[in-house]
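The values are calculated or read from the model by the stated rules, or taken from the named source; none is laboratory data. Note that the coordinates shown come from a computational prediction; the quantities given were computed from them, not determined experimentally. Neighbour counts run over all protein chains shown; Cβ positions are idealised from the backbone, glycine included. Keep in mind that these areas ignore ligands, DNA and RNA; they rest on the heavy atoms of the full protein, side chains included. Shrake-Rupley method; radii C 1.70, N 1.55, O 1.52, S 1.80 Å.
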Amino acid sequence: MASTYREVYARWEKDPEGFWAEAATAIDWVSPPKRIFDPKAGVYGRWFPDAVGNMCHNAVDRHVASGRADQLALVHDSAITGTTASFTYAELLTEVTALAAVLKDNGIGKGDRVIIYMPMVPEAAFAMLACARLGAIHSVVFGGFAAKELATRIDDCTPKAIIAASCGLEPGRTVAYKPLLDGAIDMAAHKPDFCLVLQRPQLAAAMTEGRDFDYATLVAAARGRAVPCEPMLATDPLYILYTSGTTGQPKGVVRDTGGHMVALEWSMWNEFGVKPGEVFWAASDVGWVVGHSYIVYAPLLHGCTTILFEGKPVGTPDAGTFWRVIAEHGVVSLFTAPTAFRAIKGQDPNGEFIGKYDLSKFRTLFLAGERGDPPTIEWAQTHLGVPVIDHWWQTETGSPISQNPVGLGMLPVKLGSPGVAMPGYKMEVLDDAGHAVPAGTLGNVLVKLPLPPGCLPTLWNADERFFNAYLAEFPGYYKTADAGYLDADGYLFIMARTDDIINVAGHRLSTGAMEEVVASHPDVAECAVIGVADEMKGQLPLGFVVLSAGVKRDPHEIEKEIVALVRDRIGPVAAFRTAVSVKRLPKTRSGKILRGTMQKIADGESWNMPATIDDPAILSEIGEALKGKTIL
Ligand code: COA
Ligand code: AMP
């Protein structure tokens, strides 16, 4: 089939408001939009300013009412416990409504914040949808973060309630969530009114009298109650999702209700080529944006069956797990990060596990979260025999910026490119001075304002930070903070970040935040954390530390303490396992640490002596310090 992409994109370019007005007709509104875009509202304008609707109604209730009551809505597959649990749309409605009743009875209503700190259990999705039903703003915190990170989020969004589980399950390790939750509440200045705790059979948590309530008991008592969906303005926040910024203070990305519904629903067929009733699987975590958009909201909005998978691509129990899940549940599309495929390829280079499963329903593999490296894409194409689609987006956008749009008809695949700009996104590449660069030239990848529906309108309680972080440097544009280029056919190539964010196993991490923790060690005078290339995880953090004058202790002991400190403050997900002590850090004459050059040295790449370097000898000291070191 010839792709209609160019025609559809041109239609959007000619009349963006008409385009989004039409897309909005796929949503069941309480009051449909009369006005499509208000350029004067908010920081850069707001979409559907007068529309009223509810996400939970669109993702759950309307499907029950329109004939999907007995269709599976959500399948929980835990490769760690070896169990599955399924919920039809009718059952999903029961669970979500019961939880909404519990929250409502305890004083949660429109605009209240609720933190969800849960592993990959169905209740995490119920909790998100129950908040949406009441108009409460959820903020899901990834389970791999430490108590301190949770405390920062508690203080920033000041939740009335926290919904948590007693534990998460990592291969070979039960992660006790409750002590982390209690620690975070102790550390935070703000205290929630109450916590709802899901006791998992693997580990029971001790409850704090008067503050903690048992999820199962309260929900069981509330099953069968009716709780209406709260009418929400399209511009009301649906959720806050914290993502790494350049400091230890994460950015609270705000997602609004209406634009998000429209953008996600549009994406399911046009971009992902998936029809209502089909089974869609995003193998991510509800704590990340991929989990919000493509485990929970988009597949449910579209009337699909979504898979919530607890496990890893390898080791739970083997490199065939993904194929088992696809075969067992009839998955048509899998969305994951390239690192998952590098892990599978590492353990099953010839794809032998693939042949053991019936993948006849499987049509498309989608990869995002980090650059889709050509060898990984080629391996997947060869062994799976389906199109492999690299697509690029960010927590801030909530759905793909660029892709090869499957539903509109695929364009030729260019390896190493996450495709072409989706409607809504006018992409430009500018140099640091703000001048357009020719096709094929690397520069700052920018989106012409306004951002399309579904993108962040601002950061939580921080309009100015939002403006300064994203809109100030290139007036009239949103700065993606990615560097890349556009080729002559309009394909994007995303090569690196322009800030201090690194990408470890598809997880977005801030080296600045890690430096703040490393620098807090009493024996550290100064430090630099960089991301070095890693074959499986893409990048790994590596810390250089200069010890304070007069420190007599064994530097290796201090390095170990620093590694433990980062794990304790940020969490295991930081994957910070190597700190190296050096005499001095290389700097420019104005005192700026030369992180880029250190990274090249660590990666074994060729590098040029920076003209502004203060003392060239320091770079050889860095090379020496790394000799014989393995970055774990
Ligand atoms: N709760 C608690 N701890 C967690 C966690 C969670 N939800 N998720 C990860 N961790 C821990 C891991 O157990 C590990 O701990 P360890 O240091 O004790 O071994 C640490 O955080 C680092 O995790 P990770 O970087 O995921 O490494 P891994 O070796 O456990 O797994 C992969 C490597 C590639 C298999 C895994 O990262 C993966 O499946 N990635 C897919 C990418 C993905 O989902 N990206 C999200 C965006 S699409
Ligand atoms: P996150 O906000 O966690 O989704 O991370 C977004 C960042 O991940 C982007 O700004 C990119 O740096 C990187 N990223 C995501 N998808 C891709 C992709 N397909 N190709 C290259 N980089 C990607």
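Packing order of peptides 293-305, 262-274, 382-394, highest average first: 293-305, 262-274, 382-394 (average count of other Cβ atoms within 10 Å over each peptide's residues). Pairwise Cα separations in region 505-626 fall into 5 Å bins from 0 onward with the following percentages, short to long: 2, 11, 22, 23, 20, 14, 6, 1. Treating each Cα of the chain as an identical point scatterer and ignoring solvent, apply the Debye formula and state log10 I(q)/I(0) at q = 0.05, 0.09 Å⁻¹. Debye curve over Cα of the chain, log10 I(q)/I(0) at q = 0.05, 0.09 Å⁻¹: -0.21, -0.73. Would you please classify the overall shape of region 197-322 from the alpha carbon gyration tensor, given that a ≥ b ≥ c denote the square roots of the eigenvalues, rounded means a/c under 1.5, and beyond that prolate means a/b larger than b/c while oblate covers the rest? Rounded. Across region 304-364, the fraction of Cα-Cα pairs farther apart than 14 Å, rounded to a whole number, is 56%.
Pulled fully out, how much extra length does the chain show between residue 173 and residue 590, if you take 0.36 nm times their separation in residues and subtract their Cα-Cα distance?
Details: separation 417, 0.36 × 417 = 150.12 nm, distance 4.69 nm.
Between residue 173 and residue 590, full extension yields an extra 145.4 nm.
Note on the chain: with neighbouring protein chains present and a 1.4 Å probe, carbon and sulfur make up 53 percent of its accessible heavy-atom surface. Projecting the Cα atoms of 377, 189, 402 onto the dipole axis of the chain, where Lys and Arg carry +1 and Asp and Glu carry -1 at the beta carbon, places 189 farthest toward the positive end.
Mind putting a number on the dipole of region 139-206 about its Cα centre? Charges go on the C-beta only, +1 for Lys and Arg and -1 for Asp and Glu, and I need it in Debye to the nearest 20.
Approximately 160 debye in magnitude.
Where both partners of a DSSP beta bridge lie in region 5-484, what percent of those bridges are antiparallel, to the nearest 5? Bridges in region 5-484 that DSSP calls antiparallel: roughly 50 percent.
Reachable lysines from residue 14, Cα under 18 Å, same-chain residues fewer than 8 places away excluded? Answer for residue 14, where 18 Å is the Cα cut-off: 426, 448, listed by chain and number. For residue 532, the residues 5 or more places off, or on other chains, whose built amide H falls under 5 Å of its own are 540, 542.
How many Å³ per residue does the convex hull of the Cα positions in region 1-113 occupy? Provide the component values of the computation, followed by the final result.
Working: hull volume 25.5 nm³, N = 113.
Once divided by residue count, the hull of region 1-113 is 226 Å³.
Taking Cα centre as origin and charging only the Cβ of basic (Lys, Arg, +1) and acidic (Asp, Glu, -1) residues, the dipole magnitude of the chain rounds to 140 debye. Note: region 256-402, Cα convex hull, 98 Å³ per residue. Along the charge dipole of the chain, pointing to its positive end and built from +1/-1 on Cβ of Lys, Arg, Asp and Glu, which listed residue (79, 218, 593) has its Cα farthest out? Farthest along the dipole direction, towards plus: 218.
Under 5 Å from the amide H of residue 271 lie the amide H atoms of 407, each residue being 5 or more positions distant or on a separate chain, with H modelled from the backbone and absent for Pro and chain starts. At a probe radius of 1.4 angstrom, the accessible area of the chain per residue rounds to 37 square angstrom.
From most to least packed by mean Cβ count within 10 Å, the peptides 425-431, 189-195, 587-593 give 425-431, 189-195, 587-593.
Under 30 Å of direct C-alpha separation, and excluding same-chain neighbours fewer than eight residues apart, residue 583 reaches these lysines: 537, 552, 560, 592, 600, 627, 629. Ranked by the mean number of other Cβ atoms within 10 Å of their residues, highest first, the peptides 611-618, 548-555 come out as 611-618, 548-555.
Defining a contact as two alpha carbons under 8 Å apart and six or more residues distant in sequence, what relative contact order in percent does region 81-239 show? Walk me through the intermediate numbers first.
Values: 270 pairs, mean separation 43.6, N = 159.
Once normalised by length, the contact order is 27 percent.
Annotation: amide H-H contacts under 5 Å for residue 212 (H modelled 1.01 Å from N, sequence separation of 5 or more, or interchain): 195.
Kindly provide the helix-only [θ] at 222 nm of the chain, computed as the sum of -39,500 (n - 2.57) over DSSP H runs of four or more divided by all residues, to the nearest 500 deg cm²/dmol?
Numbers: 17 runs with 172 residues, N = 632.
Calculated mean residue ellipticity at 222 nm is -8000 deg cm²/dmol.
Computed about the Cα centre, the dipole magnitude for region 292-398 is approximately 140 debye when only Lys and Arg (+1) and Asp and Glu (-1) carry charge, each at its Cβ.
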